[in-house]
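Chemist: One structure follows; several queries about it will come next.
The values are calculated or read from the model by the stated rules, or taken from the named source; none is laboratory data. This structure is a prediction, so every number in the text was calculated from the model and none was measured. Don't worry about glycine lacking a Cβ; one is built from the backbone with ideal geometry, like all the others, and counts go over all protein chains shown.
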Amino acid sequence: MENIVLIVHLVIAAFLIGVVLLQRSEGGALGMGGGGGGLVSSRGAATALSKVTWALAAAFIATSLILTVISATSTGSRSVIEGVSTGVPEADDSGAPTSGGFSLPAQPTAPTETPTAPPAAD
């Protein structure tokens, strides 16, 4: 079910992008400047392209909400915040601190032997 809704969502997104790119630019500020039959003008005559845009936008929001509900009700899902641990990090068997289930690299240790100086050149 989730895959079908996701495919429909992606198809709607592709059509929405195409319809928005087909529309004519009004210059800026949604046609509020002067004259022109923009989105918030007094005439408000919506073209067929703008009606399709609104319908696709509503369908996109609806499929987004449906995908959210499906994801929230699926079994075994947790919030990302629930997985974050608080406080002091725990240590694994080797004593190295862990973070979120991943082992952190061990801290480098100082060498126990002192390096010897290279032989002097003649």
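Chemist: Looking only at region 61-75, which residues are without any contact (Cβ under 8 Å) to a residue 24 or more places away in the chain and either assigned to a helix (DSSP H, G or I) or surrounded by 10 or more Cβ atoms within 10 Å (Cβ to Cβ) (or both)? Outline the logic, then answer.
Modeler: Keep residues of region 61-75 that are without any contact (Cβ under 8 Å) to a residue 24 or more places away in the chain, which gives 61-62, 65, 68-69, 72-73, 75.
Listed by number, the residues that qualify are Ile61, Ala62, Leu65, Thr68, Val69, Ala72, Thr73.
Chemist: Is region 35-52 home to any residue that is surrounded by fewer than 11 Cβ atoms within 10 Å (Cβ to Cβ), among the hydrophobic types (A, V, I, L, M, F, W, C) and at pLDDT below 80?
Modeler: yes
Chemist: Let me ask something else. Kindly indicate whether any position in region 1-22 is in a loop (DSSP other than H, G, I, E, B), surrounded by 11 or more Cβ atoms within 10 Å (Cβ to Cβ) and at pLDDT 60 or above.
Modeler: Pass one, region 1-22, residues in a loop (DSSP other than H, G, I, E, B): 1.
Filter once more, keeping what is surrounded by 11 or more Cβ atoms within 10 Å (Cβ to Cβ): none.
No, there is no match, as no residue in region 1-22 is in a loop (DSSP other than H, G, I, E, B), surrounded by 11 or more Cβ atoms within 10 Å (Cβ to Cβ) and at pLDDT 60 or above.
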